[in-house]
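A short reminder: the numbers here are calculations on the coordinates, not readings from a lab. The model shown is predicted, which means the values in this text are computed figures rather than measured ones. A quick note on method: Cβ atoms are made from the backbone with ideal geometry, for glycine too, and the neighbour counts reach across all protein chains shown.
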Amino acid sequence: MSRLSLALLAVATIAVACYQDDARLGGITEGPRAKVLLTDDPFPFDSVQSVNVYIVSIAASTAADTSDPGLQWVTITAPRKRFDLLALQQGTTALLGEGEIPADQYRSVRLIIDADSSNVRFADGTPAVVQNWNGSGEWSIYAFVEAALQVPDSGAEIVIDFDVGRSFQYNVAGDGTFTFIPWIRAVNKAATGSIAGTVLGAADSGSAVPIANATVSAYGADQGTWRIFSTARTDGVGHYRLAYLLPGTYIVGVDPPSSASSLGSTLDSNVVVSRGVETTHNVTLSQFSGSILINGASSMLVNRTNRLEAFVIDEQHQQDPNAIVAWENLDTAVLGLVTYVDSSRIARVTSKIVGTGRIVATSGALADTLVIQVAPDTSSGPSAPR
């Protein structure tokens, strides 16, 4: 039996890292141990004091299909304890417990929480209303396992990343409440690296100053699409750390806090993470001068027509519905482009042949490019434009 220990990390994560336990009791050598650590991704709302989650138990399974009612679970630990996820930041961990578990590859991780014993509190101490949570009793929550968690005979640590910012969505219905939609991932700590750095922003004096409470996100490729794998919040000196990332190339996005609305967001691609290495990535935010975004599909089949719409945001972060937009097709062999007289923000794109095409929308000095991948239509029937 391997010994697995569970710990709570200061990000919303449970980490698994291998170590050798040589403890002997009464001349008997214990089996390998494994630790589970819970950590929390930074919560983006300055108005929240605490996010307290009561964890009943944590279990793992070698099977990947959590919808199978016959799935066999191995309970690692049952802490039956409340943890403040906001107290876990930048990779800090808290031990949840320990338990023996057979050496194997685990593809599913389950947390059971007691929602009635959990709560979110605002900065003044008053409790927040959490939809889909209050009065719900015990919940079973399944972590996204990026890669099978290898637990060898020597034991392991498992990291569970509980993304607070996305798990507790604020004011979705415009009523000032939170909606609980859990975002949790599980990774093998020993197989991960990290990204860390400092976020600066331009000040009125022209110098760069540290930006606190900025949200930093790591986007990674997942089955052909890009999704957020980890988020972090900068501390009082602008420092951040995106912990427990599997090796690969990431896009790092930085969004300033509401208190620094004069600053713009950034997206930096090709930030490489290696196993056991912390990659340094510093960011300087420029003054926000507006933006434009093309809303439309980035992939099409041949002989299809899609609608495109450009959204223009002014310097006050307000949408400008009267802004004039100009469109340009950079790859006319692959794509066709039709613009509209009554609304310059709307256009239609038609796919001609298999390949890659680019559509550009501009408004004054603002510009955005949509890259569209055109694939062959393998359906048996005729292709009908959409």
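Full extension of the segment from GLN169 to SER269, taken as 0.36 nm per residue of separation minus the current Cα-Cα distance, would add 33.3 nm.
Sum up the charges of everything whose Cβ sits under 11 Å from the Cβ of LEU308, counting Lys and Arg as +1 and Asp and Glu as -1, but leave LEU308 out. Before the final figure, lay out the partial values.
Working: positive: ARG307, ARG345, ARG348; negative: GLU309, ASP368.
Surrounding charge for LEU308 is +1.
Extending 7 Å from Cα along the Cβ direction at ASP377 and again at ASN303 yields two label points whose distance is 0.4 nm. The average projected area of the range 291-375, computed from the convex hull of its Cα atoms over all directions, is 5.0 nm². For the range 271-289, the residues whose backbone nitrogen is under 20 Å from a point 7 Å from the Cα of ALA147, taken along Cα to Cβ, are 271-280.
At an R0 of 35 angstrom, the distance between the Cβ atoms of SER259 and ALA365 translates into a FRET efficiency of 0.85. Here the label points at ASP65 and ALA333, each 7 Å from Cα along the C-beta direction, are separated by 4.6 nm in the simple model. Put in order of Cβ neighbour count within 10 Å, fewest first, the listed residues GLU278, GLU98 become GLU278, GLU98.
With labels modelled as points extended 7 Å from the Cα through the Cβ direction, what inter-label distance (nm, one decimal) is found for GLN72 paired with PHE122? Going by the 7 Å Cα→Cβ label model, 5.0 nm. The calculated FRET efficiency for the pair ASN282 and ALA221, based on their C-beta separation and a Förster distance of 25 Å, comes to about 0.60.
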